[in-house]
1. Cα gyration tensor of the chain, axes a ≥ b ≥ c as square roots of the eigenvalues: rounded (a/c below 1.5), prolate (a/b > b/c) or oblate?
2. How high is the FRET efficiency between Thr127 and Val44 when r is their beta carbon distance and R₀ equals 30 Å, given to the nearest 0.05?
3. Compute the Cα gyration tensor for the stretch 58-169, then decide on rounded, prolate or oblate, letting a ≥ b ≥ c be the square roots of its eigenvalues: rounded whenever a/c is under 1.5, prolate when a/b is larger than b/c in the other cases, and oblate in all that remain.
4. Tell me, what is the 1.4 Å probe accessible area of Trp168, in Å² to the nearest 10?
5. So, R0 is 30 Å and r is the distance between the beta-carbons of Glu164 and Leu101; what FRET efficiency does that work out to, to 0.05?
6. For the stretch 1-48 and the stretch 133-148, what is the separation of their C-alpha centers, rounded to whole Å?
7. Compute the FRET efficiency between Ser157 and Thr110 as 1/(1 + (r/R0)^6), taking r as their Cβ-Cβ distance and R0 = 30 Å, and round to the nearest 0.05.
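The values are calculated or read from the model by the stated rules, or taken from the named source; none is laboratory data. For clarity, every value in this text was computed on a predicted model and none was experimentally measured. Because the Cβ atoms are built from the backbone with ideal geometry, glycine has one as well, and the counts that use them run over all protein chains shown. To get the accessible areas, we keep the full protein, side chains included, count just its heavy atoms, and leave off ligands, DNA and RNA. Shrake-Rupley method; radii C 1.70, N 1.55, O 1.52, S 1.80 Å.
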Amino acid sequence: MLSPLVIGLLAIVGWYKTGSSSVTGDALLGCGVLLVAFAVALVVLRWPIRDPRDYYGGLFLFGVALFMLWASSDLPGMRGFAFGPGTGPRMFASVLAGLSLIVMVIGMLTQGPGLERYAWRGPFFITLGTLVFAVMIRQFGLVIATFMSIVTVSAGSSESRWIETLIWAAVLTGFAVLVFPIALNLPLQLWPQQTLSFSTILNFR
């Protein structure tokens, strides 16, 4: 019951850090207030969670969407018909938020299996792959960062086969190059810089 309250309060803090004058800040404030009110309603009404897997999974993804909105709040959006650096992340975050809310509602209204033992391997390597991409993208370029990130994420499943993983990583890397630097004309560096600096690698902005 406390999970939506915590996420709502974090969203309000994100609104305070972002500033109330931006559209993203207003969205964070609105979602934060709604989540706090939702948590209070769950306690008052004693609403049972019939499918905790869907409910908590949707709630977690909704929190991820709010974090994406906050993290991209300082990036410029669309200018006319041209995509800005913050357009893609905010679009994906909005879609993720909408879908996660649907999953949450399903988890509240339909009966499902209870929570089982937590499997750490998948979430660990998915998170690690995201961090690998964030650390490598600035110095090593989009190609190497994307390829290594996909290979890292694939280790999250015991059914992964390395030959198939390498082929799939190469295909997805080529797709990312075609979509972002070429089709969307985003200023992304493809290959490593000539001089590598450890301090620059840890600089995410």
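1. Details: a/c = 2.25, a/b = 1.39, b/c = 1.62.
Taking the square roots of the gyration eigenvalues as a ≥ b ≥ c, the chain is oblate.
2. Result of the calculation: an efficiency of 0.30.
3. Judged from the Cα gyration tensor, the stretch 58-169 comes out oblate (a/c at least 1.5, b/c at or above a/b).
4. Approximately 150 Å² of Trp168 is accessible to the 1.4 Å probe.
5. Numbers: r = 34 Å, r/R0 = 1.15.
Approximately 0.30, to the nearest 0.05.
6. Each part reduced to its Cα centre gives a spacing of 34 Å.
7. 0.65
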